[in-house]
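K.L.:
Here it is: the structure, laid out below.
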Amino acid sequence: MDELIKKRFEVCDLAIQAGMSRVADCVDDRQPHQFLFPIFCRGSYTPECLESAVIVRLTYKTLNLRSFFKLLERRGVMYQSMFQQRSRLLSSGLSVCLLVAAGVGCSANNSTNNTNTSGNPCDPTSSSPVGFPVPQGPPAVTGGFAYAVRTSSHKVVWYQVESSGVLTRRGEICAGFQPTFIAANSARKLAYVTNFSSDTVSAYTIGTDGALAALGSPVSAGNGPASITVDWTRDFVYVTNFDSDTVSVYEIQTNGTLKPVQTLTTGGGPDAIKIDSTGKFAYVANYRADTVSAYKINATTGELAATTPTSTYSTGVPSGPNAITTHPTDGSLIYVTNEESNTVSAFRINGTTGELTPLGSPVATGSGPEGVTVDPSGKFAYVTDGRDNTISAYTISAGLLTAGPKVTASGDPEGITVDPTGKFVYVVHRDTRDIFVYTINPATGELTFQSSVPL
C-alpha cells in the first residue's frame, strides 16, 4: 500500500476510456490541471483542489478495491465515502488516480454545456457531492417515447421512439445534481428522477407530445439516492439511498407530487430496488454488504417490513450486487447482477412469505456487470458488462440462464432495457454518453446493433 500512496502534489493522467470528453478543472497549491473524467469533491468550492491531498495511484489488476474500502473504513468514514463510487472506473488494468483529502474542494467551474432547451443552466448546487459519477439507470420507454438521465450534465433527455426502434431526440430538461435513474409512465403522465448528489427526487409531468415539465419542487431523499422503482397501481415510490444505507418510501398524491411515508435502514450501499410482479414484495441489492434484502409491502400504506423468518440473503450473492430485474411472465423469479464477481444470480420468490431461494449457481457475465433486463416474452435476458464494453445475452429455461453470444457495446454500458414490444434493446453508455439500439432475434434472442443516438 505504501507504494501506491504518495503524499505529494501531482496529477495523474486518467485515460480511462477513449471518447471521454468531459473536463473538470482542479488545481493543486500552484498549478491548474485537467482531468479526463468529471470530479466532484466534498466540501465547499475553493480555488485549491488538491491542497494537503493524498493522491492514490492504483491499478485494478494489482489492488482489490473492496480490500481498499475496508482499509479506508478503518481510517475513517470520510475517506471511504470518497472512494465508494465506483469500481467501474478501475477498468481494463488502466492506471487510475483517486483523490483523498481532508478539505478537498473543486474549482467552481466543474461542468460544461449544462443547459436545457431553453438555455438555462443545469448545474444545481450539490448538498452531498461525491468523488465519482454514479451509474446511470436504463431509459424508460413508455407511450412511444424514451426518457434517459444524463448524469454528467444534470439533465433528463427524451426521444420519440420510431417504428423502426430508432430514437429521435425531442428535448431535455434540468434535473438535480447528478441524476441517476428515471421511472416514467405515459398513461399516468408522470416521471420521477433520483438526483444522487442533490439528495432529492424530482417529479415531472409528461405532455401529449412526450415533453417533460417540472412538477413542484424536488422532495428530500436520503444521502445519495441511486435508483427508483414505482408501483403505479398502488401509487407508491421506492428509492434506494446508497450513502445512507436506507430506502425512502413515498406516496403519489393526486396531483403527482410525492409525500414521504417511510425511511427504512437496509444493507450497506443499496444500489437497486425492484418490486415483484404481484406488488407484495420489494427486493434491494446491497452493493457494499454483498446481500439482497427482502421486504413485505403494506398494500395500504406502502411501508416496507422485513420478510420473516429470513430477510437478508448472502447465499447466491457472490460480491457487489448492483442491479435487479424481475421475470415478466413468471412472477416468482428475479435476477441480480454481481459487479465484483462478474456473475448474475437467479432467485425464486416464495409467493407467501417473499423469501428467496437461489436457483442454481450464479452464471458468468462479462467483466463488471452493471445492468440486467428480461424481454417481455420471458425467454431472453441481457446483462451490460461495464468493464468489457459488451452485452451478454442469455436464454431462459425454467428460470435458469444459459449464456449465448455477446455483442460489442460502447464506453461503459450501464442501464439496459427492452422496449414493450420486445423487438428492441436500449443501452445507456456513461463514458461515451450515448444510447445504443439493438434489434432482437425473436427465435434466438441474439442482438444486432442497429443505431445510436447521443444523450
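The values are calculated or read from the model by the stated rules, or taken from the named source; none is laboratory data. These numbers were taken from a predicted model, which means no experiment stands behind them. Ideal geometry is used to build each Cβ from the backbone, glycine not excepted, and the neighbour counts take in all protein chains shown.
K.L.:
Of all residues in the range 271-298, which are among the basic types (Lys, Arg) and either free of Cβ contacts under 8 Å to residues at least 40 places away in the same chain or not in a strand (DSSP E or B) (or both)?
P.N.:
Listed by number, the residues that qualify are 280, 288.
Yes/no matrix, rows are residues, columns are (1) crowded, with 20+ Cβ neighbours inside 10 Å; (2) modelled with pLDDT of 95 or more; (3) in the same structural domain as residue 217 (by TED's automatic domain parsing):
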residue: 254; (1), (2), (3): no, yes, yes
residue: 260; (1), (2), (3): no, yes, yes
residue: 285; (1), (2), (3): yes, yes, no
residue: 296; (1), (2), (3): no, yes, no
residue: 318; (1), (2), (3): no, no, no
residue: 327; (1), (2), (3): yes, yes, no
residue: 335; (1), (2), (3): yes, yes, no
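K.L.:
In this structure, does residue 306 turn out to be surrounded by fewer than 20 Cβ atoms within 10 Å (Cβ to Cβ) and either touching a residue at least 40 places away in the same chain (Cβ under 8 Å) or of a type in the set (D, E, K, R) (or both)? Full working, then the answer.
P.N.:
Details: surrounded by fewer than 20 Cβ atoms within 10 Å (Cβ to Cβ): yes; either touching a residue at least 40 places away in the same chain (Cβ under 8 Å) or of a type in the set (D, E, K, R) (or both): no.
Considered against the rule, which asks whether it is surrounded by fewer than 20 Cβ atoms within 10 Å (Cβ to Cβ) and either touching a residue at least 40 places away in the same chain (Cβ under 8 Å) or of a type in the set (D, E, K, R) (or both), residue 306 comes out as no.
The rows are residues; the columns are (1) assigned to a strand (DSSP E or B); (2) without any contact (Cβ under 8 Å) to a residue 24 or more places away in the chain; (3) out of contact with any helix residue (DSSP H, G or I) (no Cβ under 8 Å at 6 or more places or on another chain).
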position	(1), (2), (3)
163	no, yes, yes
172	yes, no, yes
183	yes, no, yes
191	yes, no, yes
194	yes, no, yes
197	no, no, yes
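K.L.:
Going through the range 382-405 one residue at a time, which ones are of a type outside the set (Ser, Thr, Tyr) and over 18 Å from residue 137 (Cβ atoms)? Walk me through it before giving the result.
P.N.:
The first filter runs over the range 382-405 and keeps only residues of a type outside the set (Ser, Thr, Tyr), leaving 383, 385-389, 391, 393, 396, 398-401, 403-405.
Listed by number, the residues that qualify are 387, 388, 389, 393, 396, 398, 399, 400, 401, 403, 404, 405.
K.L.:
Quick check, is residue 189 among the basic types (Lys, Arg) and either more than 25 Å from residue 421 (Cα to Cα) or crowded, with 20+ Cβ neighbours inside 10 Å (or both)?
P.N.:
Criteria not met by residue 189.
K.L.:
Got a sec? Which strands (runs of 3 or more DSSP E) wholly within the range 213-270 have at least 1 residues that are of a type in the set (Lys, Arg)?
P.N.:
In the range 213-270, 258-265 are the strands (runs of 3 or more DSSP E) which contain 1 or more residues that are of a type in the set (Lys, Arg).
K.L.:
In contact with a strand residue (DSSP E or B) (Cβ under 6 Å, 6 or more places away or on another chain), among the small types (Gly, Ala, Ser) and within 19 Å of residue 331 (Cβ to Cβ): is that true of residue 285 in this structure?
P.N.:
yes
K.L.:
Just name the residue that is surrounded by the most Cβ atoms within 10 Å (Cβ to Cβ) out of those in the range 267-283 that are small (Gly, Ala, Ser) and more than 19 Å from residue 350 (Cβ to Cβ).
P.N.:
Per the stated criteria, the residue is 272.
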